[in-house]
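Have a look at the structure below before the remarks.
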Amino acid sequence: MARLEILEHPDPRLREKAQPVTVFDEELSRFIDDLFDTLYATGGMAFSAPQVGDGRRVLVMDLTKDRTDPQVYVNPEESLRSAWGLVEESCLSLPGVVGNVMRATKLRVKAQDRDGTVFERDLTDMAAVCLQHEMDHLDGTLFIDRLSFLGKLYLRLFSREYRKGNAA
Ligand code: ZN
């Protein structure tokens, strides 16, 4: 059990592109457990390796209230996005900031589990949205990058947390 330190915007490590996982060993498995410990400690729904300064393409998710559905996606690739809608998002790396982002609410993801076994899964609604949000982290993208012009303007004018991050 280990709770990892969560990086916050504008930490430059959040902007780095994560690299594919090639080694599926004990260390990776322990790291994934630590990601879940950290996610559960925060009460969040999903979380990615770059948010703790690790440059591997790994994300974890659990959308259940009682934390009974831990999902691991290593080297995820998504396809068949559809059913777009405006979704309110927040992020453990941007505390206090919320904004509306256009996301697909249906998609297919192909990924590997912690042992390297490839699987495919169709995701809808919040699971699809969380996956896109976390996959953005793997490419160094934050949800604030995807806000509309007005959404960005609103944050700039009214969000103390956002300004704090951007002033650095
Ligand atoms: Zn995030």
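The values are calculated or read from the model by the stated rules, or taken from the named source; none is laboratory data. Here the structure is a predicted model, which is why all the values come from computation and not from measurement. Glycine also receives a Cβ, built like all others from the backbone with ideal geometry; neighbour counts cover every protein chain displayed. Just the protein is used for accessible areas: all its heavy atoms, side chains included, with ligands, DNA and RNA removed. Shrake-Rupley method; radii C 1.70, N 1.55, O 1.52, S 1.80 Å.
Observations, loosely collected:
- Taking the criterion of being under 12 Å from Asn100 (Cα atoms) and assigned to a helix (DSSP H, G or I), the residues of segment 134-150 that qualify are Phe143, Ile144, Asp145, Arg146, Phe149, Leu150.
- Residue that is least open to solvent (accessible area, probe 1.4 Å), among those in segment 151-168 that are modelled with pLDDT of 70 or more and of a type in the set (A, V, I, L, M, F, W, C): Leu155
- Entry remark, segment 43-59: residues being within 12 Å of the ligand (Cβ to nearest atom) and more than 15 Å from Arg15 (Cβ to Cβ) number 5 in total.
- Sole exception among (1) within 16 Å of the ligand (Cβ to nearest atom); (2) part of a loop (DSSP other than H, G, I, E, B); (3) in contact with a Leu (Cβ under 7 Å, 6 or more places away or on another chain) for Ala128, by number: (2)
- Scanning segment 75-95 for residues that are at positive phi and within 16 Å of the chain's Cα centre (by Cα) gives a single hit, Asn75.
- Selection status of Val72, among the hydrophobic types (A, V, I, L, M, F, W, C) and in contact with a Leu (Cβ under 7 Å, 6 or more places away or on another chain): no
- Hits in segment 68-93 (condition: within 16 Å of the ligand (Cβ to nearest atom), over 19 Å from Leu138 (Cα atoms) and open to solvent by less than 70 Å² (accessible area, probe 1.4 Å)): Val87
- Verdict on Asp25 being without any contact (Cβ under 8 Å) to a residue 40 or more places away in the chain and charged (D, E, K, R): yes
- Residue in segment 140-147 that is on the phi > 0 side of the Ramachandran plot, surrounded by 15 or more Cβ atoms within 10 Å (Cβ to Cβ) and within 12 Å of the ligand (Cβ to nearest atom) present: yes
The rows are residues; the columns are (1) surrounded by 21 or more Cβ atoms within 10 Å (Cβ to Cβ); (2) out of contact with any strand residue (DSSP E or B) (no Cβ under 8 Å at 6 or more places or on another chain); (3) modelled with pLDDT under 95; (4) not aliphatic (A, V, I, L, M).
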| site | (1), (2), (3), (4) |
| --- | --- |
| Phe36 | no, no, no, yes |
| Gly53 | no, yes, no, yes |
| Met61 | yes, no, no, no |
| Gly99 | yes, no, yes, yes |
